[in-house]
Amino acid sequence: MQCHKCNQDAVIELQHGALCKNHFITYFEEKVFKTINKFQLIQRSDKICVATSGGKDSLTVLYLVKKYCKRHHIPTDGIFALAVDEGIKDYREQTLTDLQQFCDDHDVPLHVVSNKEEFGATLDKAYPIINKGTKKKPCNVCGVWRRYSLNKYARKFGATKVVTGHNLDDEAQVILMNIFKANTKLAGRIGPISGVKEHDYFVQRVKPLYMCSDKEVRLYTLLKGFTVQFTECPYSVEGYRHEIQDMLNKFEHKYKGTKHAIITSFLDLLPLLKERDLQQNESVKACTQCGEAANKDVCNACTMRGML
Ligand code: SF4
Ligand SMILES: [Zn+2]
Ligand SMILES: [Zn+2]
C-alpha cells in the first residue's frame, strides 16, 4: 500500500485513501485542530485543565492542546493536567508513572487526586460494598467519582475548561448506550461540549478528539513514540459498554463508516436536544453534604461514599 499523496509506504488506509507516516500525522493533527475551531472548544481567555489518565487518548489530547495553543499564540503556562487515581491494583500505578514522565517531558504541571483521600476508599475496596446494596458495576461507581473529582478540582485550581480525551469510538458507544437504556434525557449533555449551558457548579468539558477514531489515536501515539500502556482496565470487561464496543467494532468491520455515521446523525440532532433540555431547565442545587452540584439533596458521589 502506498500513500496517495506521496507514494511512500502507507501506515493506514482511510476512506479517502492510504497515508504514509508524515501525511497521517499531519492529517490527524489538522483534524483535531479543525474540531477545536469548528465547535469553539477553546477560547483565548480559557484556563485549561486536561483530564488525564496516562492512556493514549489523554496523552494525545494533552500534547495537541498545547500545540494548538502555541500555534494560535494562546498562553500555555496556565495549562495543567489533572488525574484521578481510582485505586485499581496492577493497572493505574503504571499509567500514572507514564503520565508523570510525559508531563515532566512536556513541562505541564500535574495534580493527582485519589479516591482513597476523597472518598475514604479505593475503587477496589469500595465497589464490592456499594455493589451489594445497589448492584452497581465498577464502572458506574468509578464514573460518578471521577466526574465528581475532575469537576471539583478543576474548579478549585481555577480552570474554565476541562479538556478530555474522549474519541469518536467512546462517543458512538455512549450515544448507543443512551438509546438502548432509554436515557434520552442525558443525550443533550454529551457532544463535543458537555452540558447545555454554562453553569457556576460545572466546568465545561470539551472533546478535541471527537472526530478521531480509536484506531487513529492509537496509531498516532505509536508514530509519535509516546510511552503509553495499551493494557485495559481489569474492570472494563464487566461493563455494559464493553458489549456495545464489541458490537460496534463488528459492525464497523463489516460496514465501514458506521461509527462515523452515528456521530454525524447525533450532531445533526444535538441542537434540538440541547434546546429541549434548556426548556426543561432541570434545577441544580448544592449537595447538603459536600456543597457540589446535585439534582437531589445529596449528590450521587456522597450517596456512594455514605454506603462505605
Ligand atoms: S473501565 Fe470502568 S472501572 Fe476501569 S477505569 Fe474505566 S470506568 Fe473506571
Ligand atoms: Zn505521504
Ligand atoms: Zn455531595
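FYI, it's all coordinate maths here, none of it is from the lab. The structure presented is a predicted model; accordingly, all values stated were derived computationally and were not measured. When we count neighbours, we look across all protein chains shown, and the Cβ atoms used for this are built from the backbone with ideal geometry, even at glycine.
Go ahead and run the numbers for FRET between residue 278 and residue 134, Cβ-Cβ distance against an R0 of 30 Å, rounding to 0.05.
Calculated value: 0.45.
Kindly provide the helix-only [θ] at 222 nm of the chain, computed as the sum of -39,500 (n - 2.57) over DSSP H runs of four or more divided by all residues, to the nearest 500 deg cm²/dmol?
Counting only the DSSP helices, I get -16000 deg cm²/dmol.
Give the order of 252, 30, 86 when sorted by the count of other beta carbons within 10 angstrom, beginning with the fewest.
Fewest to most other Cβ atoms nearby, the residues stand as 30, 252, 86.
Provide the FRET efficiency to the nearest 0.05 for the residue 31-residue 89 pair, computing r from the beta carbons and using R0 = 35 Å. List each step's numbers first, then the result.
Numbers: r = 36 Å, r/R0 = 1.04.
It comes to 0.45.
Taking every pair of distinct Cα atoms and averaging 1/r, then inverting, what Kirkwood hydrodynamic radius in Å comes out for the chain? Display every interim value, and only then the final one.
Working: mean 1/r = 0.0488 Å⁻¹.
Roughly 20.5 Å, rounded to one decimal.
So what are the ³J(HN,Hα) numbers for segment 287-292, from phi and the Karplus equation (6.51, -1.76, 1.60; θ = phi - 60°), rounded to whole Hz, Gly and Pro as x?
Result, rounded to whole Hz: 4, 6, 9, 10, x, 7.
What order do you get for 20, 290 when you list them from fewest to most C-beta neighbours inside 10 Å?
So the residues, fewest neighbours to most, are 290, 20.
Just report the Cα centroid separation between segment 188-246 and segment 42-92, whole Å.
13
Specify the inter-centroid distance of segment 120-171 and segment 1-38, based on alpha-carbon positions, in whole Å.
34
Counting DSSP beta bridges with both partners in segment 1-94, what percentage is antiparallel, nearest 5?
50
Karplus couplings for segment 41-52 from phi (6.51 cos²θ - 1.76 cosθ + 1.60, θ = phi - 60°), rounded to Hz, Gly and Pro as x?
6, 10, 10, 4, 8, 5, 9, 9, 10, 9, 6, 10
For every other residue with a beta carbon closer than 11 angstrom to the beta carbon of residue 242, add +1 if it is Lys or Arg and -1 if Asp or Glu, then tell me the sum.
Summing Lys and Arg as +1 and Asp and Glu as -1 gives -2.
Taking neighbour counts of Cβ atoms within 10 Å as a proxy for exposure, in what order, fewest first, do 211, 247, 177 appear?
So the residues, fewest neighbours to most, are 247, 177, 211.
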